[in-house]
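The values are calculated or read from the model by the stated rules, or taken from the named source; none is laboratory data. Note that the coordinates shown come from a computational prediction; the quantities given were computed from them, not determined experimentally. Ideal geometry is used to build each Cβ from the backbone, glycine not excepted, and the neighbour counts take in all protein chains shown.
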Ligand code: URA
């Protein structure tokens, strides 16, 4: 069997157009969030192509159809990294209403650029570990430090590396390198790969601070 590529960049005109709205410093909070939500649908669809399905007979008004439905033995965890990851969560829950949401609270130390944990919803995973899938959500894959920490957290709870999918809007080459070198089996789904990080760990050209733009907390 061929190895799957671990990084998938969405390359779609609708995504690109909405990305231009998101990047624009003159887009207000409402415009920014609406454009981001439109892209989120594509990201979540792409991120869930690996979810297992089973066959089920369904009666239509005119006959019988053999359909594919989600395998209820599999457990899906949606894990938004607070606070910016919450913007993906609403759409992810809408598309995957049976999933559990496992919030991860982390902020970035501005000096060291290392993540500081302040919240971890679930201390252990009790389900059959082989059947647990995790969608880690964070719009910005910048240094990759939080991403690596979050993946490590789920692996330490028994989740299989290949069942973890990292979903981001914009990624930096540095972040992709850091995450893929630490965990090559984690799949990364992103709308765009940008040029680089600046000295403060922001993605260039990026969109600025995602949390501030989503929650209207720019000074
Ligand atoms: N977090 C953000 O919100 N923006 C970046 O550019 C990098 C990290």
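Listed by position, the strands (runs of 3 or more DSSP E) enclosed by segment 112-196 that each have at least 3 residues that are under 15 Å from the mean Cα position of the chain (by Cα) are 132-137, 164-171, 187-193. The residues of segment 116-139 that are more than 10 Å from the ligand (Cβ to nearest atom) and under 18 Å from residue 189 (Cα atoms), listed by number, are 133, 134, 135, 136, 137. Restricting attention to segment 203-213 and to residues that are within 9 Å of the ligand (Cβ to nearest atom) and in contact (Cβ under 8 Å) with a residue 60 or more places away in the chain, the residue that is surrounded by the fewest Cβ atoms within 10 Å (Cβ to Cβ) turns out to be 208. Take the residues of segment 166-179 that are farther than 14 Å from residue 136 by Cβ and near the ligand (Cβ under 10 Å from one of its atoms): which is surrounded by the most Cβ atoms within 10 Å (Cβ to Cβ)? Filtering segment 166-179 for residues that are farther than 14 Å from residue 136 by Cβ and near the ligand (Cβ under 10 Å from one of its atoms), the one surrounded by the most Cβ atoms within 10 Å (Cβ to Cβ) comes out as 172.
Here are 80, 115: which of them is in contact with a helix residue (DSSP H, G or I) (Cβ under 8 Å, 6 or more places away or on another chain), closer than 19 Å to residue 41 by Cβ and touching a residue at least 24 places away in the same chain (Cβ under 8 Å)? Break it down into steps so the answer makes sense when it comes.
Details: 115 fails: closer than 19 Å to residue 41 by Cβ.
Matching residue, one of 80, 115: 80.
Among the residues making up segment 150-165, those that are away from the ligand (no atom under 15 Å from the Cβ) and in contact with a strand residue (DSSP E or B) (Cβ under 6 Å, 6 or more places away or on another chain) are 151, 154, 159, 163, 164, 165.
A single member of 191, 182, 142, 147 is more than 16 Å from the ligand (Cβ to nearest atom), at pLDDT 95 or above and touching a helix residue (DSSP H, G or I) at 6+ places or on another chain (Cβ under 8 Å), and it is 182. Touching a strand residue (DSSP E or B) at 6+ places or on another chain (Cβ under 6 Å), surrounded by fewer than 18 Cβ atoms within 10 Å (Cβ to Cβ) and under 25 Å from residue 45 (Cα atoms), is that true of residue 193? Yes, satisfied. Count of segment 17-54 residues, restricted to those that are within 30 Å of residue 182 (Cα to Cα) and either free of Cβ contacts under 8 Å to residues at least 12 places away in the same chain or part of a loop (DSSP other than H, G, I, E, B) (or both), is 5.
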